[in-house]
Structure formats: C-alpha cells, structure tokens
Amino acid sequence: MKLILAIINFDDANAVTRALAKKGFSSTKLATTGGFLMAGNVTILVGVDEEKVQAVIDIIKEHSHSRKQMIPTTTEMSYGYYPSMPVEVTVGGATIFVVDIERFERA
Ligand code: 2BA
C-alpha cells in the first residue's frame, strides 16, 4: 500500500477531493502552510494500493492549477532606504510525494 501526499492550492482542494470521491478514493484534507510564502495551502492524503497510485495522481493533476503569485521583498539600497521589489513565483499545480505504508489498520 502507498500513501500519496499532495500539496495543492486551497482553491483547488474541493475539486480534487470531489473528483477523488467520484472515482471511489477516500481522502483526508489537512490545512497546511508553505514554508516559503507562509501562505495557506492544503495537503491531501490518499491511501491506495500500488496499482492505483497513477490513477490518483492523474486526478490530482487534472484538478490542480498552477498560479503566478507576486511576493513583496525589500533590499537595503543606502541610508536605510528599502525599496519594495516584488518577485513573481509560480506555485503548484501540485507537489506530490508517494511513500510506502508499512501497515494499515482500521480499529
Ligand atoms: P511554499 O513553500 O510557500 O512555496 C511556494 C512557491 O514558492 C513554490 O511553489 C515555489 O515556486 C516558490 N519557492 C519555494 N521555495 C523557494 C525558494 N527557496 N526560492 C525561490 N522560490 C521558492 P511550489 O514549488 O509549487 O510549492 C508549493 C508548496 O508545496 C510550497 O509552498 C510547500 O508548501 C510545498 N512544497 C514544495 N516543495 C516541497 C518539498 N520539497 N517538501 C515539502 N513541501 C514542499
């Protein structure tokens, strides 16, 4: 068995979990925060048999969109002058990890 962890945009989370449920996959949504932008995102957990991993990844990819985001940064020029230098980053669609599950039980 495998555990798929997918970090996706908050705005895509419902579409992803609905599409997973439609195909019969259980999922759990966690509210998470990215370490770089310090902005909220969503991590989806899906436990599946190995042969279904690609199907789940395909669904996640289909419903996760990448977005461009501007982040403010400042650099000191001189005399304590800090002009704002916005930088554009591309976030997502989805950052996906697949890990082995040693044991799975429902109690
Ligand atoms: P954040 O850490 O907030 O990163 C948001 C976006 O900022 C990243 O998008 C990337 O485009 C940019 N970014 C991140 N770190 C950077 C750096 N050191 N320098 C320049 N730009 C940087 P994504 O790569 O699509 O990542 C989206 C979110 O997925 C991340 O949010 C983080 O929560 C998660 N993530 C990405 N890679 C990860 C990893 N290797 N381990 C754990 N979480 C990861």
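Data table
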{"quantity": "Within the range 86-107, tally of residues that are away from the ligand (no atom under 16 Å from the Cβ) and either assigned to a strand (DSSP E or B) or within 14 Å of residue 45 (Cβ to Cβ) (or both)", "calculated": "3"}
{"quantity": "Meets criteria (out of contact with any Cys (no Cβ under 7 Å at 6 or more places or on another chain) and either within 12 Å of the ligand (Cβ to nearest atom) or at pLDDT below 95 (or both)) for residue 47", "calculated": "no"}
{"quantity": "Residue match in the range 32-44 (condition: near the ligand (Cβ under 9 Å from one of its atoms) and of a type in the set (Phe, Trp, Tyr))", "calculated": "yes"}
{"quantity": "The range 1-25 residues that are over 28 Å from residue 38 (Cβ atoms), paired with ones that are of a type in the set (Phe, Trp, Tyr) and surrounded by fewer than 15 Cβ atoms within 10 Å (Cβ to Cβ) (beta carbon under 6 Å, 6 or more apart)", "calculated": "1/104"}
{"quantity": "Near pairs, Cβ below 6 angstrom, 6+ apart or cross-chain, from the range 29-45 (hydroxyl-bearing (Ser, Thr, Tyr)) to any residue that is near the ligand (Cβ under 7 Å from one of its atoms)", "calculated": "32/41; 43/7; 43/32"}
{"quantity": "Single unsatisfied condition, residue 11 versus (1) modelled with pLDDT of 90 or more; (2) more than 16 Å from the ligand (Cβ to nearest atom); (3) farther than 23 Å from residue 1 by Cβ", "calculated": "(2)"}
{"quantity": "Residue list for the range 18-42, filter: buried (at least 17 other Cβ atoms within 10 Å of the Cβ) and assigned to a strand (DSSP E or B)", "calculated": "41, 42"}
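The values are calculated or read from the model by the stated rules, or taken from the named source; none is laboratory data. In this text the structure is predicted, and so the values were computed from the model without any measurement. A quick note on method: Cβ atoms are made from the backbone with ideal geometry, for glycine too, and the neighbour counts reach across all protein chains shown.
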